[in-house]
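Novice: Structure in structure tokens, see below.
The values are calculated or read from the model by the stated rules, or taken from the named source; none is laboratory data. In this text, all values refer to a predicted model and were calculated from it rather than measured experimentally. Neighbour counts run over all protein chains shown; Cβ positions are idealised from the backbone, glycine included.
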Amino acid sequence: MKSLFAVTLMAAMTGCASVSPLPDQAMTPSTPVTIYRSAQLQGSVTDTYIGWNGDYYVALAPRQATTVNVLAGLTTFQIRAHADFRNELTLSLHPDEPVCLMAEVNPANIAGVNWLVPGYQLRQIQCADSHGNPEYDLVAAPAVRPAQRKNE
């Protein structure tokens, strides 16, 4: 019963993650960001939700990767599972300079022990060559939300 209460409390405190359409970056300087999801066994039954500046745009399963364009500048990326605490990584993005991130299980989170520690983390990694990384299935970037007109 105690475990059920803790899970319920954690879900209530964090809310559930969902994916939003990507913002349209067509007319702004942007950075290509490739995000890889590790194949670690711990946490392998859940998708990770990844986003930046307060919204989530990508959901990745183990051994998946995607590339998205993110507005250049100081950006705070966040990651979480569906009902989990988020973890953040802040980077300074420069136009047209690719960045690669690895989404992985947070080593500080021991399943069943650390209920108040985020389950996942992001870390910056060196980008692979132009052939990509064959260990990961490349998935399409989410749909782009059309830019709104000023009169709307």
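Novice: Tally up the residues in the stretch 120-142 that are at pLDDT 65 or above and either among the polar types (S, T, N, Q) or under 17 Å from the mean Cα position of the chain (by Cα) (or both), please.
Specialist: 16
Novice: Return the pairs, sorted by first residue and then second, in which the second residue is at pLDDT below 80 and acidic (Asp, Glu), the first residue lies in the stretch 39-58 and is over 16 Å from Arg123 (Cα atoms), the beta carbons are less than 9 Å apart, and the residues are 6+ apart or on different chains.
Specialist: Going by the 9 Å Cβ cut-off, the qualifying pairs are Thr46/Asp84.
Novice: Could you grab me the full set of residues in the stretch 82-105 that are at pLDDT 85 or above and in a loop (DSSP other than H, G, I, E, B)? Steps first, please.
Specialist: Filtering the stretch 82-105 for residues at pLDDT 85 or above gives 86-105.
Correct list: Arg86, His94, Pro95, Asp96, Glu97, Pro98.
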